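Asker: I'd like to ask some things about the structure below.
The values are calculated or read from the model by the stated rules, or taken from the named source; none is laboratory data. The shown structure was predicted, so the numbers you read here are calculated from the model rather than taken from an experiment. Every residue, glycine among them, receives a Cβ derived from its backbone with ideal geometry; neighbour counts consider all protein chains shown.
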Amino acid sequence: MVIGTQPLPEKLEEENQFNALIKNPTKTVSQVTRETKFKVKKEIYRNFDTVKGKYYLRSLIYEGTYKGKHAVLKFHGTEDVSHDADEIRNFESQNESKIIRAPFVYARRKWASKTGYGFTIFEYVEAPEIFSRPSPTKAQQKDFVRFYQEYRTKAITKPWIKLLNAKPDAVKERVVKYTQEWLKNAKIKKRLKRSDYSSYLSRFYALVPRYVAVMPMEFMHMHLYPEHIRKLSNGNYVLLDHVSWGYRPKWADLSYMLWRSILDIRSNSYPHSRFLRYVDEWINLCKTIPLTKRDDLFDKEIKFLILERTIGIIIGDLGSGRYWGTQGGRKYFKHMLALNQKLFEHLAEELET
């Protein structure tokens, strides 16, 4: 796949999709391919989200050819994901890196409420992800250190989005807001018992003020996942998913790389000790990045951010997301829930001292 690897929802949940694109996708795809002369090879990705427990289609992506070039046709089912081409232009206008670039854009049509969709035709990036998930090799880990240093120092030189409110109280409110949204969806799904999350959420909220007060909001790729970094044969990189630029707490992009990798652990019997070691190894890898070496608070900061991701896995990914019935069923759910609860306790004990 070129952009993303999320599995499709089960058929039962697909029936709950809603938005203009999904009402008649066959007609929409046929119309656009006829107009653009994009030749479809296959569908490679569907990105769903949830509102009040129901799925809706945010984007639909096809591999094919456009004017003789290997290309990707991405349909935007909502307005907020229709700005890929604009954001690529913004990124490249300030990008000073010689080894990191965005994919080339061949054609686009902005999302319109009248039709319920927009689309962009991109270059198909024929290159592997920077990581083998969930367990990168030593060479890949070293390569990621190189990439991250370059990305934060040369590929991002000037934010093109304004940060409206960076005060700790505002950051705290944002954190509470999104965790409450996760919880709302989890309650609708009814997968979790109150005891599965309540004490963890309370401990997390108690730690939030302490850490957001010392962690500035920084401009970054907010969904920096392994699949969004492609390693070319010449050693350079193509950065994907350009609708995800914005502000998060310092070093949050590193915690997102780990979070995405954790979700690729497929074992129903992954040992607890190995899971903690997996996380510790990631933290130690991040400590070798020249930028993080300059931050005396990095160890605590990255552990708090991983703690936040752990709450996200418990309430969001397991409690209301797609990781139910698709990776080993109830046994998988219970095992991953227990692993992340133990990880939370391990991290919280360190952060509370």
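Asker: What number of residues within the stretch 211-247 satisfy the criterion of being among the β-branched types (Val, Ile, Thr) and modelled with pLDDT of 95 or more?
Answerer: Number of matching residues: 2.
Asker: Next up: Are there any pairs, at least 6 apart or on different chains, whose C-beta atoms fall under 7 Å, with the first in the stretch 25-36 and farther than 15 Å from residue 65 by Cβ and acidic (Asp, Glu) and the second at pLDDT 95 or above and surrounded by 13 or more Cβ atoms within 10 Å (Cβ to Cβ), and if so, which?
Answerer: So the pair list comes out empty.
Asker: Just one of the numbered conditions (1) within 25 Å of residue 352 (Cα to Cα); (2) exposed (fewer than 14 other Cβ atoms within 10 Å of the Cβ); (3) under 22 Å from the mean Cα position of the chain (by Cα) is not true of residue 266; which one?
Answerer: Checking residue 266 against (1) within 25 Å of residue 352 (Cα to Cα); (2) exposed (fewer than 14 other Cβ atoms within 10 Å of the Cβ); (3) under 22 Å from the mean Cα position of the chain (by Cα), the one that fails is (1).
Asker: Just for the stretch 71-102: of the residues that are among the basic types (Lys, Arg) and buried (at least 17 other Cβ atoms within 10 Å of the Cβ), which one is nearest to residue 114 (Cα to Cα)? Walk me through how you get there before you give the answer.
Answerer: First, the residues of the stretch 71-102 that are among the basic types (Lys, Arg): 74, 89, 98, 101.
When the remaining residues are screened for being buried (at least 17 other Cβ atoms within 10 Å of the Cβ), the result is 74, 101.
Values: 74: 18, 101: 34 Å.
Applying the filter and picking the extreme gives 74.
One line per residue, one yes/no per condition, for (1) over 24 Å from residue 180 (Cα atoms); (2) not charged (D, E, K, R):
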site	(1), (2)
281	yes, no
291	yes, yes
311	no, yes
314	no, yes
317	no, no
320	no, yes
350	yes, no
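Asker: Please determine whether any residue of the stretch 127-146 is more than 18 Å from the chain's Cα centre (by Cα), assigned to a loop (DSSP other than H, G, I, E, B), buried (at least 17 other Cβ atoms within 10 Å of the Cβ) and aromatic (Phe, Trp, Tyr).
Answerer: No; the residues of the stretch 127-146 include none that is more than 18 Å from the chain's Cα centre (by Cα), assigned to a loop (DSSP other than H, G, I, E, B), buried (at least 17 other Cβ atoms within 10 Å of the Cβ) and aromatic (Phe, Trp, Tyr).
Asker: Please go through the stretch 101-122 and give me each residue that is small (Gly, Ala, Ser) and not in a strand (DSSP E or B), ordered by number.
Answerer: Of the residues in the stretch 101-122, the ones small (Gly, Ala, Ser) are 102, 107, 112-113, 116, 118.
The answer is 102, 113, 116.
Asker: Looking at (1) out of contact with any Pro (no Cβ under 9 Å at 6 or more places or on another chain); (2) in a helix (DSSP H, G or I); (3) at pLDDT 95 or above, which is the one condition that is false for residue 153?
Answerer: (1)
Asker: Another question, if that's okay. What about residue 73, is it in a strand (DSSP E or B), under 18 Å from the mean Cα position of the chain (by Cα) and in contact (Cβ under 8 Å) with a residue 24 or more places away in the chain?
Answerer: Considered against the rule, which asks whether it is in a strand (DSSP E or B), under 18 Å from the mean Cα position of the chain (by Cα) and in contact (Cβ under 8 Å) with a residue 24 or more places away in the chain, residue 73 comes out as no.
Asker: Residues 146, 152: which one is charged (D, E, K, R) and in contact with a helix residue (DSSP H, G or I) (Cβ under 6 Å, 6 or more places away or on another chain)?
Answerer: Going through 146, 152 in turn, the sole match is 152.
Asker: Filter the stretch 17-48 down to the residues that are out of contact with any Leu (no Cβ under 7 Å at 6 or more places or on another chain), at pLDDT below 75 and surrounded by 15 or more Cβ atoms within 10 Å (Cβ to Cβ) and list them by number.
Answerer: 20
Asker: What residue, of 77, 116, is at positive phi and outside the structural domain of residue 241 (by TED's automatic domain parsing)?
Answerer: After ruling out the rest, the residue left standing is 116.
Asker: Confirm whether residue 96 is in contact (Cβ under 8 Å) with a residue 12 or more places away in the chain, outside any helix (DSSP H, G or I) and closer than 30 Å to residue 292 by Cα.
Answerer: yes
Asker: Residues 194, 174: which one is surrounded by fewer than 19 Cβ atoms within 10 Å (Cβ to Cβ) and either at pLDDT 95 or above or assigned by TED's automatic domain parsing to the domain that holds residue 105 (or both)?
Answerer: 194 is the lone residue from the list that is surrounded by fewer than 19 Cβ atoms within 10 Å (Cβ to Cβ) and either at pLDDT 95 or above or assigned by TED's automatic domain parsing to the domain that holds residue 105 (or both).
Asker: Which residue is farthest from the chain's Cα centre (by Cα), if the candidates are limited to the stretch 209-228 and must be more than 22 Å from residue 161 (Cα to Cα) and surrounded by 21 or more Cβ atoms within 10 Å (Cβ to Cβ)?
Answerer: 211
Asker: A follow-up question, please. Kindly establish whether residue 62 is under 21 Å from the mean Cα position of the chain (by Cα), of a type outside the set (S, T, N, Q) and at pLDDT 80 or above. Steps first, please.
Answerer: Values: under 21 Å from the mean Cα position of the chain (by Cα): yes; of a type outside the set (S, T, N, Q): yes; at pLDDT 80 or above: yes.
So residue 62 fits the description; yes.
Asker: Please go through the stretch 175-220 and pick out each residue that is free of Cβ contacts under 8 Å to residues at least 24 places away in the same chain, among the charged types (D, E, K, R) and under 19 Å from residue 336 (Cα atoms).
Answerer: Across the stretch 175-220, the qualifying residues are 187, 190, 193, 194.
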